[in-house]
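A.B. asks: Attaching a single structure in C-alpha cells format; questions to follow.
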Amino acid sequence: MTGNVLLAGGIVVTCAGPDEVLWPADVLIDNGVITAIGRDLPAGDAQRVDVSGRIVMPGLVDTHRHTWQAVVRNIASDWTLDQYLVGLHVGLSRYFRPEDTYAGTLIGALEALDAGVTTLLDWSHNLFTPDHADAAVDALTDAGLRAVFAHGGGAQQWGGEMPSPVPHPEADVRRLRAGRFADNTGLVTMGLALRGPQFSTLEVTKGDFQLARELDLRVSVHVGDGHWGKIKPIHQMNGEGLLSDQVTYVHCNTLADDELRLIADTGGTASIAPDVEMQMGHGWPATGRLLDLGVRPSLSVDVCSSIGGDMFTTMRTALAVQRATDNSAAVAAGEAPERVRLSCADVLRFATIEGARANGLDAVTGSLEVGKAADIVILAGDSLATMPMNNPVASIVYAAHPGMVRDVLVAGRFVKRDGKLVGVDLDRLRGLAEASRDHVISSLDGAAIGGGWQPDPKLLLA
C-alpha cells in the first residue's frame with residue numbers, strides 16, 4: 001500500500017515528549033511524510049486504515065548492528081568477547097564471499113524490519129573487497145528499511161595484529177562517497193565504523209578520523225569493551241582532537257568517569273548493547289553513568305551471531321539492569337528506594353528518538369511528529385499481554401515482542417502488513433542463508449554448528 005494513508009483511531013505513542021500518548025488519535029500520511037496527528041482527522045483522498053485498539057509508535061532505531069553475521073546467527077551465544085574476535089574476525093570473516101555478505105545483511109535487515117526496527121546503523125566490518133561493500137549496500141537497499149551503511153573495513157583490519165597498523169580502506173570509502181553516497185539523501189546513507197585506539201594504532205586512528213572529517217561522514221567507534229577499554233581510549237582520542245558531536249561511542253562499559261565527561265562535553269552520543277555486553281564480558285552497561293553526565297544513550301542489538309535481533313528485549317534488559325544497579329546501591333546504603341530513576345518512557349526514547357539522534361537522523365525519524373518521515377510500527381491490539389490497556393508506554397517496553405508487530409511503514413510505505421513482510425519469499429531467504437552458512441562454516445577447520453564449537457581465545461595472542 002502506497003500513497004496517502006490515514007491511520008485512524010489508534011493509541012498513538014509519539015516519543016516527541018517524555019510521556020506523550022494520544023488516545024485515541026489519527027495519523028495522516030501524505031507522500032511518505034506525517035502531515036497531521038489528532039482526533040477525527042478528515043481522510044480526504046487518503047486510504048483509511050482502522051487501527052483502533054492498536055498501539056501506533058515510531059519505528060525502533062538500532063544504532064549498532066553487525067548485520068552481516070546473520071548467516072551465522074547464535075553461533076557465538078556461548079562465547080566471550082575474545083572468543084568472538086577469534087571465531088568471527090580471525091576465523092570465519094575471511095571466508096565470506098560478497099554473496100555471503102549480501103545474504104547475511106539482507107536476512108539481518110529483514111529480521112530487524114520484521115521486529116519493528118525501521119532504522120538501522122549497519123556496522124559493516126567484513127568488507128574485504130569493494131564487491132563486499134557493494135553487496136552490503138545492495139542488501140540494505142533491497143530490504144527496504146532506513147539504514148546508515150557504516151563502512152567498517154574487512155578482515156585486513158580486524159583479523160590480524162591488534163592494535164592493527166592497517167589503515168581503513170580509504171580508496172573504497174572515497175569510491176562510495178563519490179558514487180552511491182554522493183549526498184546524504186535516500187533511505188540508505190553512509191557513515192564510517194572505525195576501530196579507534198583499542199583495535200588500531202593511534203596513528204591509524206588519526207588517519208581514519210581525518211578521512212571521516214574530510215568526507216563529512218559521521219563516525220561510530222567501539223570504546224570501553226571490557227579489558228580492551230582499559231587503555232583510556234577517550235583520553236587518547238581527545239589528545240589528538242578527535243572527539244566531536246559527529247561521533248557515536250559504542251559500549252563505554254569500562255571507560256572512566258572522566259572519559260564519559262569528555263564525551264558529554266564534546267557533544268558525542270552513545271550506543272549501549274546491554275545483552276551482548278553482559279554476555280561477552282564488556283562490563284556493566286554504562287547507562288546510569290552516562291545519564292549522570294548528561295548523555296542520553298541509544299540502544300543496539302550488536303552481534304546477531306550471539307543474541308536475537310529485536311529491540312524489545314534490549315529495552316527490557318537495559319531497564320532491568322539499571323534499575324537493579326540503582327536499587328542495589330540504595331539497599332547497600334541501608335535505604336529503601338522511594339521511586340525508580342529510569343522510566344519506561346526513558347528507555348523507549350533511547351530506542352527511538354535518541355537512536356535517531358545518534359544516527360544523525362533525528363530531524364527525519366525517531367518520533368511521530370508532523371513533517372517527519374512516516375516510519376511507523378503498529379502493534380497488535382488483541383494480545384493477552386496488553387489487555388486491558390492501562391499504560392501504553394509500559395506495554396511496549398515490558399510486554400511487546402516481534403510477534404505483536406502487525407504493520408511496519410518506512411517512509412509511508414507498508415513493508416509489513418497484517419503480520420507478514422511484504423514481497424518477501426521466506427523459502428528463498430532460507431535457502432540463501434543455509435547455502436551461505438554451509439560455505440562459510442565448512443571453510444574453517446574446527447568450525448561447526450550445533451553449539452559445541454568453542455574458539456580458543458589464546459589465538460588472539462598467537
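The values are calculated or read from the model by the stated rules, or taken from the named source; none is laboratory data. The structure presented is a predicted model; accordingly, all values stated were derived computationally and were not measured. A quick note on method: Cβ atoms are made from the backbone with ideal geometry, for glycine too, and the neighbour counts reach across all protein chains shown. Areas reflect the complete protein model, heavy atoms only, side chains present, ligands, DNA and RNA absent. Shrake-Rupley method; radii C 1.70, N 1.55, O 1.52, S 1.80 Å.
A.B. asks: So how long is each side of the chain along the principal axes, counting just the alpha-carbon atoms, biggest first, in Å?
C.D. replies: 66, 59, 46
A.B. asks: Below 8 Å between Cα atoms, with a sequence gap of 6+, how large is the relative contact order for the chain in percent?
C.D. replies: On the way: 1031 pairs, mean separation 100.0, N = 462.
Once normalised by length, the contact order is 22 percent.
A.B. asks: What accessible surface, in Å², does a 1.4 Å probe find on Glu203, ignoring ligands, DNA and RNA and rounding to the nearest 10?
C.D. replies: Rounded to the nearest 10, the figure is 120 Å².
A.B. asks: Calculate, for segment 294-381, the solvent-accessible area per residue in square angstrom, rolling a 1.4 angstrom probe over the heavy atoms of the protein chains.
C.D. replies: 34 Å²
A.B. asks: At a 1.4 Å probe radius, which order do Trp453, Trp23, Trp123 fall into by accessible area, largest first? Numbers along the way, then the final one.
C.D. replies: Details: Trp453 35, Trp23 110, Trp123 0 Å².
Sorted by accessible area, descending: Trp23, Trp453, Trp123.
A.B. asks: A follow-up question, please. I need the phi-derived Karplus couplings for segment 83-94: 6.51 cos²θ - 1.76 cosθ + 1.60, θ = phi - 60°, integer Hz, Gly and Pro marked x.
C.D. replies: Running phi through 6.51 cos²θ - 1.76 cosθ + 1.60 with θ = phi - 60° gives 5, 4, 4, 6, x, 8, 8, 6, x, 5, 4, 5 Hz.
A.B. asks: Rounded to the nearest 500, what is the chain's calculated 222 nm mean residue ellipticity when only DSSP H runs of at least 4 contribute -39500 (n - 2.57) each, over all residues?
C.D. replies: Taken over the chain, the calculation gives -9500 deg cm²/dmol.
A.B. asks: Label-point separation (nm) for Thr325 and Ala36, each offset 7 Å from Cα along Cα-to-Cβ?
C.D. replies: Placing both labels 7 Å along Cα→Cβ, they lie 4.5 nm apart.
A.B. asks: To continue, here is another question. Which net charge results when you count Lys and Arg as +1 and Asp and Glu as -1 among the other residues whose beta-carbon is under 14 Å from that of Pro58?
C.D. replies: Combined, the nearby Lys, Arg, Asp and Glu give -3.
A.B. asks: Still on this model: Using a Cα distance threshold of under 20 Å, what count of lysine pairs results for the chain when pairs must be 8 or more residues apart or interchain? Before the final figure, lay out the partial values.
C.D. replies: On the way: Lys206/Lys230; Lys206/Lys232; Lys230/Lys458; Lys372/Lys416.
So the count of such lysine pairs works out to 4.
A.B. asks: Note down the net charge around Gln157, summing +1 for each Lys or Arg and -1 for each Asp or Glu among other residues with Cβ under 13 Å from its Cβ.
C.D. replies: So the environment of Gln157 carries a net charge of -2.
A.B. asks: Work out, step by step, the length gained on full extension between Arg174 and Arg48: first 0.36 nm times the residue separation, then minus their alpha carbon distance; give nm to one decimal.
C.D. replies: Details: separation 126, 0.36 × 126 = 45.36 nm, distance 4.51 nm.
Stretched out fully, the Arg174 to Arg48 stretch lengthens by 40.8 nm.
A.B. asks: Quick check: at a probe of 1.4 Å, how many percent of the accessible area of the chain sits on carbon and sulfur atoms? Display every interim value, and only then the final one.
C.D. replies: Values: 8930 of 17260 Å².
Carbon-and-sulfur percentage of accessible area, whole number: 52.
A.B. asks: Tell me, what ³J(HN,Hα) does each residue in segment 452-458 have, in order and in whole Hz, if you take phi through Karplus 6.51 cos²θ - 1.76 cosθ + 1.60 with θ = phi - 60° and put x for Gly and Pro?
C.D. replies: Computed from phi, the couplings for segment 452-458 are x, 6, 10, x, 8, x, 5 Hz.
A.B. asks: For the residue pair Ala256 and Lys230, what label-to-label distance in nm results when each label sits 7 Å from Cα along the Cα-to-beta-carbon direction?
C.D. replies: Once both label points are built, they end up 1.4 nm from each other.
A.B. asks: Next question. With a 1.4 Å probe and all protein chains left in place, how much accessible area per residue does segment 207-293 have, in Å²?
C.D. replies: Result: 35 Å² per residue.
A.B. asks: Given Pro169, Gly191, Val117, which one lies farthest toward the positive end of the charge dipole of the chain, if we put +1 on the Cβ of every Lys and Arg and -1 on the Cβ of every Asp and Glu?
C.D. replies: Result: Val117, furthest along the dipole toward the positive end.
A.B. asks: Could you report segment 41-100's accessible area per residue, 1.4 Å probe, as an integer in Å²?
C.D. replies: Roughly 32 Å² per residue, with all protein chains present.
A.B. asks: If we count every other residue with Cβ under 12 angstrom of Ile353's Cβ, Lys/Arg +1 and Asp/Glu -1, where does the sum land?
C.D. replies: Taking every Cβ under 12 Å from that of Ile353, the sum is -2.
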